[in-house]
Amino acid sequence: MELLPRSPGEFGSARYWDRFFRQRGQRPFEWYGAFPELCPVLHKYVRPRDKVLVVGCGNSELSEQMYDVGMCEDIVNIDISDAVIRQMRERSGSTRPGMSYLLMDMLQMDFPDAHFQVVLDKGTLDALLTDEEEATLAKVDQMFAEISRVLQVGGRYLCVSLAQAHVLKKAVEYFSQEGWVVRVHQVASSGDKQQFVLPVFVYVMTKFRKIPGSAPQILEICPEEQDKPMRVESVERLVAAVKDRQHYALLCSQISKTPCREQVSLDLCDKESGKPRYTLHVVDSPSVKPSRDNHFAIFIIPQGRETEWLFGTEEGRRQLAASAGFGRLLTAALHREQHYEGMAGIQAELSGKVMELAPPGLPARQQVPFLSVGGDIGVRTVRHCDTSPLSGEFVVEDVKGDGGCFFRRLVFLRNRNVVQSEARLLAPTPLPGQKKRRKDKRKPSPAEPPGAIDKSYLCCEHHKAMVAGLCLLGGPDALPGELAVLVVGLGGGSLPLFVHDYFSQARVAVVEIDPSMLEVATHWFGFSQGDRMQVHISDGLDYVAKVAAEAPAQYDAVMFDVDSKDLTVGMSCPPPAFVEKPFLQKVKSILKPEGVFVLNLVCRDAQLKESVLATLRDVFPLLYVRRIEGEVNEILFCQPSPEGRHGPAELGARARALEGALRQPGRPWDGSYTLADVLQAVLIL
């Protein structure tokens, strides 16, 4: 500790460095970056016949090692410390005739212009640029100007640095504005214990003649795992890319030493496009007793199933890790824009990277298993991509779910972890004379035409609850007669389609603000309009207000299943304006006295949710809630009259009666649930 300066400014003092090297003696001092780690990068930019200048050489062995391996034969080393220059002359003078050591200040060098092909700086800029005071920045500008002066056109300034943001930004801005090409290499770690947790970088600034006017900046970054540079469009993006790699190194260091108290999430990006390729979650299970074979495993989430509760929530992943029986489970979700070469290809691609996230205590050369559901990576086929002015980018995709069934999904890419709409696909029907393939031999192909939409199946649990809530209409023993139903929010159309098909006397009006969604529902989800089904392209707020003004008390049921476009609010369904008191009073006014208002509420903000519930209680005297297990959704059933209050037993009886009336001979019915089961957890608020 006695070797450290009293203040950062002393790093630029010759007196400090003289004292430092006298106290340290003959032991080489390497700031960071050992020669074996730096060598692959230096070999790219230093040629044997280059004349090389090393600024701020200290007593580092770097230039000696470069000389000894034949990387270059003409190296001039300068430093402001007389003590270290004398020391290094004694160490290398007789054995390395092509090496010279000169006492010189790099801010005022004696060399002629364009004298060197390479200037090498290992930690010197970092030592000088300790702050952003005016005097410090002036010295750095002087340093850069001198380096520029002594370098030939086409020469390279190689700066080995820890790349603190202000250091990197200063260097990149200065040289890019001078018309130089700037490339930043991340130095590959040797895997040995390092003095610094942060990764080491090499800035490569290649000198070009400055072109008058505004020439485009050429800025590139080379991550440690690849040789091909990636172009970035601005200094800010380059600094951000370096910062991402520094954060990753800190994360790896932290979780390699101690278990994670909270789940850690990170994206691994595609080398070519820079887009996310894998989303990883690190899940530790303290309850698992460690043994040699259960320290660490990788779980590949099948494509299209990343939104399921088990894989898409913290609680689900915690349960998955505990049931897998590993102390640390790393889950990997696959992105729809990427192509994957099966489980073997993924394993080959991830094996090296995931070991950086291994837990403490992992035995050396331990085989780490790759797990999945059924041993494969699932099937995902993107059927349609488009962009809507209102909903942004969206995709329609077919995915293979649990049990081998296929599902069609609508996903808004601004919230890619949420399935907006989902429908089950029926198995393709063989053509006349075509033999049906045996089930165990059948391998779904992305090119295979999908089957028709199974309109009897409600994929979303909240849709089942919304339909079950219609048992609040009419008497306990009969299906209500003619129904007028308003559904706000179309999506793929599953909810209004089910109501239309199974309530044979229902007249359904659907309000959808985005005309693109009507096209999607029609072309991809089997939706169609008719005498009893009409879609109105309108803002739900405007439509309800218009009906309230012109023809109140006309609907038996009003259903809100509409998402919010504003992701900054803690409520993603519905938009806040839909649960403000004046608007809810309009909703109440368009209901018949014995009607029901069904609301899909998705709110992660506890305070906001309590405020919404309080407003609903003010408007509707009778309020039921059905919470969806494993999801944030809560379905609220609101009635304008308190006289229709029912206990759990009566609600169950009504649900059974409704289901019995809906089940008609020859009409398909999903037997995986009953409406009574759906309603058994309903609470009266």
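Observations, loosely collected:
- Top positive-direction residue, dipole computed over the chain with Cβ charges, set A548, A34, Q87: A34
- With DNA, RNA and ligands ignored, accessible area of D501 (1.4 Å probe; Å², nearest 10): 50
- Degrees between helix 314-324 axis and first principal axis of the chain (Cα, 0 to 90, nearest 10): 80
- Unit charges at the beta carbon, dipole of the chain: most positive-side option, F597, T331, S234: T331
- Reach of K51 by Cα under 12 Å, taken over aspartates and glutamates that are not fewer than 8 positions away in the same chain: E73, D74
- Prolate/oblate/rounded call for segment 461-684, Cα gyration tensor, a/c under 1.5 rounded: rounded
- Accessible-area ranking of Y457, Y340, largest first, probe 1.4 Å: Y457, Y340
- Accessible surface, 1.4 Å probe, highest first, among residues H536, H463: H536, H463
- Neighbour net charge for G491 - beta-carbon separation under 14 angstrom, K R +1, D E -1: -3
- Accessible carbon and sulfur surface of segment 380-425 relative to its total accessible area, %, 1.4 Å: 45
- Cα-based shape type of segment 479-574, given that a ≥ b ≥ c are square roots of the gyration tensor eigenvalues and the cut on a/c is 1.5: oblate
- Label-to-label distance, nm, for residues given as L371 and S456 (7 Å Cα→Cβ offset): 3.6
- Spin-label model, A364 to Q534: label points 7 Å out along the Cα-to-beta-carbon direction sit 7.9 nm apart.
- Placing +1 on the Cβ of every Lys and Arg and -1 on the Cβ of every Asp and Glu, with no other charges, gives the chain a dipole of roughly 1620 debye about its Cα centre.
- Cross-link table K122/K275; K228/K353; K243/K609; K122/K170; K122/K169, entries beyond 26 Å C-alpha to C-alpha: K122/K275; K243/K609
- Length-normalised contact order for segment 380-425 - Cα pairs under 8 Å, 6+ apart - percent: 29
- Extreme residue, positive dipole direction of segment 258-371, given options C269, I301, P363 (C-beta unit charges): P363
- Protein-only accessible surface order, largest first, of W524, W180 at 1.4 Å: W524, W180
- With all protein chains in place and a 1.4 Å probe, the accessible surface of segment 461-684 carries 51 percent carbon and sulfur.
- Counting only protein heavy atoms and a 1.4 Å probe, the chain has 48 square angstrom of accessible area per residue.
- Helix 82-92 and the longest principal axis of the C-alpha atoms of the chain enclose an angle of approximately 80°.
- Local electrostatic count at D68 - Lys and Arg +1, Asp and Glu -1, tallied over other residues with Cβ under 12 Å: -2
- Degrees, to the nearest 10: 165-177 long Cα axis against longest axis of the chain: 70
- A simple charge model with +1 on the Cβ of Lys and Arg, -1 on the Cβ of Asp and Glu and nothing else charged puts the dipole of segment 461-684 at about 400 debye relative to its Cα centre.
- Summarising the amide proton neighbourhood of K51: residues at separation of 5 or more, or on other chains, whose placed amide H is nearer than 5 Å comprise Q117, V118.
- Cross-link partners of K455 among aspartates and glutamates, defined as those whose alpha carbon lies under 12 angstrom from its own and excluding same-chain residues fewer than eight positions apart: E422, D501, D670.
- Length-normalised contact order for the chain - Cα pairs under 8 Å, 6+ apart - percent: 7
- Modelled spin-label separation between L250 and W309, with each label point placed 7 Å from Cα along the Cα-to-Cβ direction: 3.6 nm.
- Considering only alpha-carbon pairs that sit under 8 angstrom and 6 or more positions apart, the relative contact order computed for segment 258-371 is 33 percent.
- Other residues lying with their Cβ under 12 Å from the Cβ of S388 contribute a combined charge of -3, Lys and Arg counting +1, Asp and Glu -1.
The values are calculated or read from the model by the stated rules, or taken from the named source; none is laboratory data. Note that this is a predicted model, so its numbers are computed, not measured. Because the Cβ atoms are built from the backbone with ideal geometry, glycine has one as well, and the counts that use them run over all protein chains shown. The accessibility values were calculated without ligands, DNA or RNA, using every heavy atom of the protein model including side chains. Shrake-Rupley method; radii C 1.70, N 1.55, O 1.52, S 1.80 Å.
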